[in-house]
């Protein structure tokens, strides 16, 4: 997360920290994140297949920031990226980066590395 903060403006950093505080409260309640946000604030960005299963990447809008995440086993919320919004759609590079991070997360969970 600190790498993400380094790339953000001061205003975006404040939005991010406030948004993370809210996100932690929601996650601690045991509810899904999309149950707290409306559909424009939290929705799927795309799906991809890995190890024979369809994986879903989600996005939360926090002010002008976008936070990408994946629901792992046992209600784990894995944050993959945070960046200022420049376009409505993710770039191919953003999608690939997120997919690689999710794949690494899944691989690390299997032999109980995490």
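Just so it is clear, none of the values below were taken in a lab; they were calculated from the coordinates. Nothing here was measured: the structure is a model prediction, and the numbers come from that model. When we count neighbours, we look across all protein chains shown, and the Cβ atoms used for this are built from the backbone with ideal geometry, even at glycine.
Remark: relative contact order (region 50-114) = 22 percent; criterion is Cα-Cα distance under 8 angstrom and separation of 6 or more residues. Is the shape of region 27-98 best called rounded, prolate or oblate, per the rule: a/c under 1.5 gives rounded, else a/b larger than b/c gives prolate, else oblate, with a ≥ b ≥ c the square roots of the Cα gyration tensor eigenvalues? Because a/c hits 1.5 or more and a/b fails to exceed b/c, region 27-98 counts as oblate.
Just to be sure I understand: with springs between alpha-carbon atoms less than 10 Å apart, which residue in 102, 60, 76 has the highest mean-square fluctuation in the Gaussian network model of the chain? The residue with the greatest mean-square fluctuation here is 76. Per residue, the average separation of C-alpha pairs within less than 8 Å and at least 6 apart gives the chain a relative contact order of 18 percent. From a point 7 Å beyond the Cα of residue 51 in the direction of its Cβ, which residues of region 84-109 have a backbone N at a distance under 18 Å? 98-109, by backbone N distance to the label point. Spin-label model, residue 13/residue 103: points 7 Å from Cα along the beta carbon direction are separated by 3.4 nm.
Note on residue 6 and residue 77: with the Förster distance fixed at 25 Å, the Cβ-Cβ geometry gives a FRET efficiency of about 0.65.
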